[in-house]
Amino acid sequence: MRVAILRFPGSNCEPDAYRAVAREGGTPYYLFHRDTDLQDADAVILPGGFSYGDYLRAGAIARFSPIMPAVERHAADGKPVLGICNGFQILCESGLLPGALERNAGLKYLSRPVDVRIERVDTPFTAHYRKGDVIRIPIGHGDGRFTAAPETLAELEQQGQVVLRYVERPKVDAPGNPNGALNDIAGIANRDGNVVGMMPHPERLADPLLGSEVGRRFFSSLVQWKRPALVSHA
């Protein structure tokens with residue numbers, strides 16, 4: 001599994017994603033935002049950080065990077081694309097995922113653990129979880145409030161496109177939904193399920209040395225993912 005990890009000016013989580021993929025037996029490699037070819041990637045990860053300093057709006061400039069048309073073609077071909085935090089913002093800005101990530105409800109940067117429930121397990125990134133699993137995983141963002149038009153929200157729910165949802169943390173004096181995201185949405189997929197965006201950082205808990213490896217299954221799912229065979233109707 002060749003996994004291209006994109007580097008934008010201001011990205012800072014790409015080494016963590018690289019190590020998480022390599023630890024599961026994948027072949028990660030970096031591509032720069034000025035590249036125009038994915039070099040035979042099987043999957044693409046857009047990592048967290050602050051691409052282009054989050055000027056104008058988080059992900060708004062990165063969406064026009066030379067590498068993005070190749071990512072769009074990759075997604076259109078049904079191949080896996082994962083956007084983590086700033087990567088999720090870029091996917092929404094580029095139209096690969098619906099909705100938008102706006103300023104947190106409290107207008108403050110948040111960096112702490114959250115509990116999220118796995119709502120969908122038929123994506124290339126969640127296949128090694130069970131539906132309904134609740135995992136504790138870190139966030140680190142100032143623009144994480146998922147918003148969308150009412151009709152878009154309804155469609156996401158009806159089509160089962162919500163992948164992760166914030167849930168209340170027992171015995172913790174902090175809101176389960178840290179940023180005010182509509183419908184408690186922490187991650188979504190496109191209609192085909194091959195493009196996933198999420199605000200929490202699984203790469204930050206993918207090694208037992210970090211105290212937990214609850215996030216590693218996002219990467220083991222990807223590395224062991226097999227593209228569904230096309231069914232002939234001839």
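Quick note: the coordinates plus some simple rules give every number you see, no bench work behind them. For clarity, every value in this text was computed on a predicted model and none was experimentally measured. Ideal geometry is used to build each Cβ from the backbone, glycine not excepted, and the neighbour counts take in all protein chains shown.
Quick look at the numbers
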read-out: Subset tally (residues that are crowded, with 22+ Cβ neighbours inside 10 Å and either in a helix (DSSP H, G or I) or among the polar types (S, T, N, Q) (or both)) for the range 37-51; value: 1
read-out: In the range 63-85, the residues that are farther than 11 Å from Ile45 by Cα and part of a helix (DSSP H, G or I); value: Arg63, Phe64, Met68, Pro69, Ala70, Glu72, Arg73, His74, Ala75, Ala76
read-out: Residue check for Arg19: part of a helix (DSSP H, G or I) and touching a helix residue (DSSP H, G or I) at 6+ places or on another chain (Cβ under 6 Å); value: no
read-out: Given (1) in a loop (DSSP other than H, G, I, E, B); (2) out of contact with any helix residue (DSSP H, G or I) (no Cβ under 8 Å at 6 or more places or on another chain), number of the condition Ile135 does not satisfy; value: (1)
read-out: Top-ranked residue in the range 105-150 [being surrounded by fewer than 16 Cβ atoms within 10 Å (Cβ to Cβ) and among the basic types (Lys, Arg); ranked as nearest to the chain's Cα centre (by Cα)]; value: Arg136
read-out: Hey, Ala58 among the aliphatic types (A, V, I, L, M) and assigned to a loop (DSSP other than H, G, I, E, B) or not; value: yes
read-out: When residues of the range 58-75 are limited to those that are touching a residue at least 40 places away in the same chain (Cβ under 8 Å) and either surrounded by fewer than 18 Cβ atoms within 10 Å (Cβ to Cβ) or more than 15 Å from the chain's Cα centre (by Cα) (or both), the one farthest from Asp143 (Cα to Cα); value: Ile67
read-out: Pick from the range 76-90, criterion among the small types (Gly, Ala, Ser) and in contact with a Cys (Cβ under 9 Å, 6 or more places away or on another chain), ranking: surrounded by the most Cβ atoms within 10 Å (Cβ to Cβ); value: Gly87
read-out: Some residue of the range 97-104 being under 18 Å from Trp225 (Cα atoms), of a type outside the set (A, V, I, L, M) and surrounded by fewer than 20 Cβ atoms within 10 Å (Cβ to Cβ); value: no
read-out: Residue pairs meeting the criteria (Cβ under 6 Å; at least 6 apart or on separate chains; first more than 16 Å from Gly87 (Cβ to Cβ), in the range 7-35; second charged (D, E, K, R)); value: Thr27/Arg2
